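Visitor: One structure follows; several queries about it will come next.
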Amino acid sequence: FTDLTPTHISWQPSVNAANHHTDRYANTELTVRRGQAFIITLYFNRPRQNGESLGFVTEIGPSPSESHRTRAIFNLSEAGGSGWSAAQGASDSAAMNFTITSPANAVIGRYNLTLRVTTGNKIFSRYLGQFVLLFNPWCPGDDVYMSNENERQEYVLNENGIIFVGNARYIEARGWYYGQFQDLLNICLTMLDLSLYYRQDPAMDVSRRGDPKYVGRVISSMINGNDNDNGVLLGKWQGSFHSHENPSRWDGSVVILKKWRQDNYRPVQYGQCWVFAGVMCTVLRCLGIPTRLVSNFNSAHDVDRNLSIDKYYDSSGRSLNISKDSTWDYHVWNESWFIRPDLGRSYNGWQVLDATPQEQSRGIFQCGPASVLAIKEGEVDLDYDTLFVYSEVNADCNRWIVYNDGTKKRVYCDTEIIGRSISTKAVGSNGRVDVTANYKYPEGSSEERRVYRKALAKILGTSVTEGRTDSAGGRSSETMRNPGIAGKFKLAEPPVFGKDINLILVLSNLSSDRKSVRVDMSASTILYTRRTVAEILKAATSVELGPKQGKHIRVKIPYTHYGKYLTTDKRIQVTALCEVMRTHGLKLLVEKTIILEDTNIIIKVNNFLPDRSRIYFEFTPRRAGPLQLQVDFSCDKFSHVKGFVTIAVAPA
């Protein structure tokens, strides 16, 4: 008789997609989640005979092998060592239904499925097709299991998000469209195959794709193109964006990932931290790993990894770009949810992953996963990159004055300024949730200082007491004397782009003695990374403060001074170096970052407009370069029309 041969296969797409929460994926091939059964129906050329046994083979990767867990052979109703199993369901003479179950730790990706028919000593194999297997946050046995359904809906299935930007005192929300179900699955799987890890050892790389911490680390290296010509994005923070996309204009991941594919997987130009994080969130959610974006305000970049950020100013208070360390107004990274069997159960949960290319980790621009709990507890020696992330949220900040003869004097050590208002989007709404307490104990508390000393001791290899001395900065055994005055900048009115900026420096004498204070002020346009673009103001004055007296010093920054030097970050940093005379150089440094607001243009049309009417508006831009207008109609007829219009303004 003829061999038992399948003539047709039904992947039962509707039933399987609904059961596996994959019904929103745009791809047509079967997409299911691991650790959960799926159903297929096979139609054969004839009924099955006694003595004919059936089994299946699943294979993935370029060199499938059972030793690498990339190939599995399993017969009906037999529990093989691979963890894969199959069972026959209700069937008739024309068709057989089979339930196939993958192990909860199976490698994720695109599988080949083959039917094996055994008759006596003969084995016949028939190729059935391909299916895609993803991580499964609904499966308790999966490393990415998340027990709360509302959180699964938010961190796996929600295609829309909010990214928090600005600074610690002025937090803004911007929307981001992840679009993880919009025909991106093949792109995300290809991304894994283009990584340096895959190029080095394809078989080993594929065999490790059942581990979310491995997949997350690989993806963090692939979102940036710094050490891989096939990375998704190139980063750029200053200079001209002519002929390429300004990072501030991206509002979603789909366009970026599709452009990357269309350009034959060459890096898209350009991205900055929130763009890297937004795209990585898309990829990880697409693969089934629960992921969210987190914004850290006053985020430290500790290049020398000594838990101290050193900032330098000249004697007039002007910020100097001589330190490799930096403090960004904000930095955005990702948190993904999975367990950490390599570290221990206490470190399960949210893990930091960061695709922004800041520093290399083991020779590649990648970061994480670092356990959030390990960061909070100062376990900076644990994998991966926990020290770097700990510094981002809890480094101390030293401020130095550099005199004309090159000598440096530290005037202040701020133990609380780094890592403020760490924020993420709320579950089920666009609200902001402060997660700072997840990363560190309250600033100034004994627990926070204890953890800091613990982290420092792990770096130095010795115990550390409060008030240590080291050449790289950090704490000094010399107590920094209080100059006896306090100061802060206040805005006299909201700062609007195109208008002069008016500030007030408020100085207060905290003592009962009269004080003479020399004030050197400086203002510069800056990037959100706080790197100086151009100095726009320099001024000096003196003020006499009576006992317990406060005085106001008005400062004006004309638009003509800052307009042509402002970047799309719209930031100006103002500093005042206040020296108390006749006190052997005691100084107070006052600093403020200003984010300028855009001007709203409101146009009212009083008369009714007939269909196909055209309205012409005329306006005069104040500067050359790309100008973006947001269109938002208030009338019901045009309520669906929203978006941005970009206009190229040529130099006069």
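The values are calculated or read from the model by the stated rules, or taken from the named source; none is laboratory data. Owing to the predicted nature of the structure, the values given are computational and were not obtained by experimental measurement. A quick note on method: Cβ atoms are made from the backbone with ideal geometry, for glycine too, and the neighbour counts reach across all protein chains shown. What goes into the accessible areas is simple: the full protein's heavy atoms, side chains included, and nothing from ligands, DNA or RNA. Shrake-Rupley method; radii C 1.70, N 1.55, O 1.52, S 1.80 Å.
Visitor: Restricting the search to segment 255-304, which residues are of a type in the set (Lys, Arg), open to solvent by 10 Å² or more (accessible area, probe 1.4 Å) and more than 12 Å from the chain's Cα centre (by Cα)?
Guide: Across segment 255-304, the qualifying residues are LYS258, LYS259, ARG261, ARG266.
Visitor: Among (1) among the hydroxyl-bearing types (Ser, Thr, Tyr); (2) closer than 29 Å to GLY349 by Cβ; (3) without any contact (Cβ under 8 Å) to a residue 12 or more places away in the chain, which single condition is SER221 missing?
Guide: Evaluating SER221 over (1) among the hydroxyl-bearing types (Ser, Thr, Tyr); (2) closer than 29 Å to GLY349 by Cβ; (3) without any contact (Cβ under 8 Å) to a residue 12 or more places away in the chain leaves (3) as the failure.
Visitor: With respect to ILE526, determine if the residue is in contact with a helix residue (DSSP H, G or I) (Cβ under 8 Å, 6 or more places away or on another chain) and under 30 Å from GLN358 (Cβ atoms). It would help to see each step written out before you state the result.
Guide: Details: in contact with a helix residue (DSSP H, G or I) (Cβ under 8 Å, 6 or more places away or on another chain): no; under 30 Å from GLN358 (Cβ atoms): yes.
Judged against the criteria, ILE526 is not a match.
Visitor: When you look at PRO47, is it under 20 Å from ASP142 (Cβ atoms) and either free of Cβ contacts under 8 Å to residues at least 40 places away in the same chain or not acidic (Asp, Glu) (or both), yes or no?
Guide: Working: under 20 Å from ASP142 (Cβ atoms): no; either free of Cβ contacts under 8 Å to residues at least 40 places away in the same chain or not acidic (Asp, Glu) (or both): yes.
For PRO47, the condition - under 20 Å from ASP142 (Cβ atoms) and either free of Cβ contacts under 8 Å to residues at least 40 places away in the same chain or not acidic (Asp, Glu) (or both) - is not met.
Visitor: Please go through segment 315-342 and give me each residue that is acidic (Asp, Glu) and open to solvent by 20 Å² or more (accessible area, probe 1.4 Å), ordered by number. Outline the logic, then answer.
Guide: We begin by selecting, within segment 315-342, every residue acidic (Asp, Glu); these are 325, 329, 335, 342.
Matches in segment 315-342: ASP342 only.
Visitor: While we're looking at this one, here's another question. Show the residue pairs meeting these rules: Cβ distance below 7 Å; 6+ apart or different chains; first residue within segment 1-29 and in contact (Cβ under 8 Å) with a residue 24 or more places away in the chain; second residue acidic (Asp, Glu) and assigned to a strand (DSSP E or B).
Guide: Short answer, once both residue conditions are applied: LEU4/GLU52.
Visitor: Pull out all pairs, ordered by first then second residue, where Cβ-Cβ is under 6 Å, the residues are six or more apart or on different chains, the first lies in segment 201-216 and is closer than 25 Å to ASN334 by Cβ, and the second is in a loop (DSSP other than H, G, I, E, B) and β-branched (Val, Ile, Thr).
Guide: VAL206/THR70; SER207/THR70; ARG209/VAL107; ARG209/ILE108; GLY210/VAL107; PRO212/VAL144; PRO212/ILE289
Visitor: Within segment 342-365, which residues are in contact (Cβ under 8 Å) with a residue 40 or more places away in the chain and either of a type in the set (Val, Ile, Thr) or under 22 Å from TYR155 (Cα atoms) (or both)?
Guide: Answer for segment 342-365, where residues must be in contact (Cβ under 8 Å) with a residue 40 or more places away in the chain and either of a type in the set (Val, Ile, Thr) or under 22 Å from TYR155 (Cα atoms) (or both): TRP350, GLN351, VAL352, LEU353, ASP354, ALA355, THR356, ILE364.
Visitor: For LEU320, are the conditions met, namely being at pLDDT 95 or above, over 23 Å from GLY175 (Cα atoms) and either aromatic (Phe, Trp, Tyr) or touching an Asp or Glu at 6+ places or on another chain (Cβ under 9 Å) (or both)?
Guide: Working: at pLDDT 95 or above: no; over 23 Å from GLY175 (Cα atoms): yes; either aromatic (Phe, Trp, Tyr) or touching an Asp or Glu at 6+ places or on another chain (Cβ under 9 Å) (or both): yes.
Taking the combined requirement at face value, the residue does not satisfy it.
Visitor: Then there is this: So which residues in segment 190-231 are in contact with a helix residue (DSSP H, G or I) (Cβ under 6 Å, 6 or more places away or on another chain), more than 27 Å from ILE339 (Cβ to Cβ) and surrounded by 22 or more Cβ atoms within 10 Å (Cβ to Cβ), if there are any at all?
Guide: The one that is in contact with a helix residue (DSSP H, G or I) (Cβ under 6 Å, 6 or more places away or on another chain), more than 27 Å from ILE339 (Cβ to Cβ) and surrounded by 22 or more Cβ atoms within 10 Å (Cβ to Cβ): GLY231.
Visitor: Condition (residue is at pLDDT 95 or above and either touching a helix residue (DSSP H, G or I) at 6+ places or on another chain (Cβ under 9 Å) or of a type in the set (Phe, Trp, Tyr) (or both)) applied to segment 551-560: is it met by at least one residue?
Guide: Yes; the residues of segment 551-560 include at least one that is at pLDDT 95 or above and either touching a helix residue (DSSP H, G or I) at 6+ places or on another chain (Cβ under 9 Å) or of a type in the set (Phe, Trp, Tyr) (or both).
Visitor: Could you count how many residues in segment 562-590 are of a type in the set (Asp, Glu) and either farther than 12 Å from ASP520 by Cα or within 27 Å of the chain's Cα centre (by Cα) (or both)?
Guide: So the answer is 1.
Here is a yes/no grid of residues against (1) in contact (Cβ under 8 Å) with a residue 40 or more places away in the chain; (2) closer than 23 Å to LEU189 by Cα; (3) in contact with a helix residue (DSSP H, G or I) (Cβ under 9 Å, 6 or more places away or on another chain); (4) among the aliphatic types (A, V, I, L, M):
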residue: GLU52; (1), (2), (3), (4): yes, no, no, no
residue: HIS68; (1), (2), (3), (4): yes, yes, yes, no
residue: ALA90; (1), (2), (3), (4): no, no, no, yes
residue: SER102; (1), (2), (3), (4): yes, yes, no, no
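Visitor: Working carefully through the options GLY461, GLY444, GLY473, GLY467, find the one that is under 21 Å from ASN296 (Cα atoms) and modelled with pLDDT under 95. Please lay out each step first, then the result.
Guide: Numbers: GLY461 fails: under 21 Å from ASN296 (Cα atoms); GLY473 fails: under 21 Å from ASN296 (Cα atoms); GLY467 fails: under 21 Å from ASN296 (Cα atoms).
GLY444 is the lone residue from the list that is under 21 Å from ASN296 (Cα atoms) and modelled with pLDDT under 95.
Visitor: Scan segment 168-183 and give yes if some residue there is open to solvent by less than 40 Å² (accessible area, probe 1.4 Å), over 19 Å from the mean Cα position of the chain (by Cα) and not small (Gly, Ala, Ser), otherwise no.
Guide: Checked segment 168-183: at least one residue is open to solvent by less than 40 Å² (accessible area, probe 1.4 Å), over 19 Å from the mean Cα position of the chain (by Cα) and not small (Gly, Ala, Ser).
Visitor: Scanning for something among the small types (Gly, Ala, Ser) and touching a strand residue (DSSP E or B) at 6+ places or on another chain (Cβ under 7 Å), does segment 23-34 turn up at least one residue? Outline the logic, then answer.
Guide: Narrowing segment 23-34 to residues among the small types (Gly, Ala, Ser): 26.
Restricting the remaining residues to those that are touching a strand residue (DSSP E or B) at 6+ places or on another chain (Cβ under 7 Å) gives none.
No, because not a single residue in segment 23-34 is among the small types (Gly, Ala, Ser) and touching a strand residue (DSSP E or B) at 6+ places or on another chain (Cβ under 7 Å).
Visitor: Could you pull out every one of the strands (runs of 3 or more DSSP E) wholly within segment 1-94 that has 1 or more residues that are open to solvent by less than 60 Å² (accessible area, probe 1.4 Å) and more than 28 Å from TYR197 (Cα to Cα)? Step through it out loud before you land on a result.
Guide: On the way: elements: 6-10, 30-33, 37-44, 52-59, 71-75, 85-88.
Once the strands (runs of 3 or more DSSP E) in segment 1-94 are filtered for at least 1 residues that are open to solvent by less than 60 Å² (accessible area, probe 1.4 Å) and more than 28 Å from TYR197 (Cα to Cα), what remains is 6-10, 37-44, 52-59, 71-75, 85-88.
Visitor: Being at pLDDT below 95 and exposed (fewer than 13 other Cβ atoms within 10 Å of the Cβ), is that true of even one residue in segment 140-162? If you could, list the steps in order and put the result at the bottom.
Guide: Within segment 140-162, the subset at pLDDT below 95 is none.
Within segment 140-162, none of the residues are at pLDDT below 95 and exposed (fewer than 13 other Cβ atoms within 10 Å of the Cβ).
Visitor: Then there is this: Can you tell me which residues in segment 95-134 are of a type outside the set (A, V, I, L, M), surrounded by 14 or more Cβ atoms within 10 Å (Cβ to Cβ) and in a loop (DSSP other than H, G, I, E, B)?
Guide: SER102, PRO103, ASN105
Visitor: When you look at SER82, is it in contact with a Lys or Arg (Cβ under 8 Å, 6 or more places away or on another chain) and hydroxyl-bearing (Ser, Thr, Tyr), yes or no? Don't jump to the end; show me each part of the working.
Guide: Working: in contact with a Lys or Arg (Cβ under 8 Å, 6 or more places away or on another chain): yes; hydroxyl-bearing (Ser, Thr, Tyr): yes.
Considered against the rule, which asks whether it is in contact with a Lys or Arg (Cβ under 8 Å, 6 or more places away or on another chain) and hydroxyl-bearing (Ser, Thr, Tyr), SER82 comes out as yes.
Visitor: A follow-up question, please. From the residues in segment 305-314 that are part of a loop (DSSP other than H, G, I, E, B) and touching a strand residue (DSSP E or B) at 6+ places or on another chain (Cβ under 9 Å), which one is least open to solvent (accessible area, probe 1.4 Å)? Give the steps one after another, and end with the answer.
Guide: Pass one, segment 305-314, residues part of a loop (DSSP other than H, G, I, E, B): 305-307.
Filter once more, keeping what is touching a strand residue (DSSP E or B) at 6+ places or on another chain (Cβ under 9 Å): 306-307.
Details: ASN306: 20, LEU307: 0 Å².
Filtering segment 305-314 for residues that are part of a loop (DSSP other than H, G, I, E, B) and touching a strand residue (DSSP E or B) at 6+ places or on another chain (Cβ under 9 Å), the one least open to solvent (accessible area, probe 1.4 Å) comes out as LEU307.
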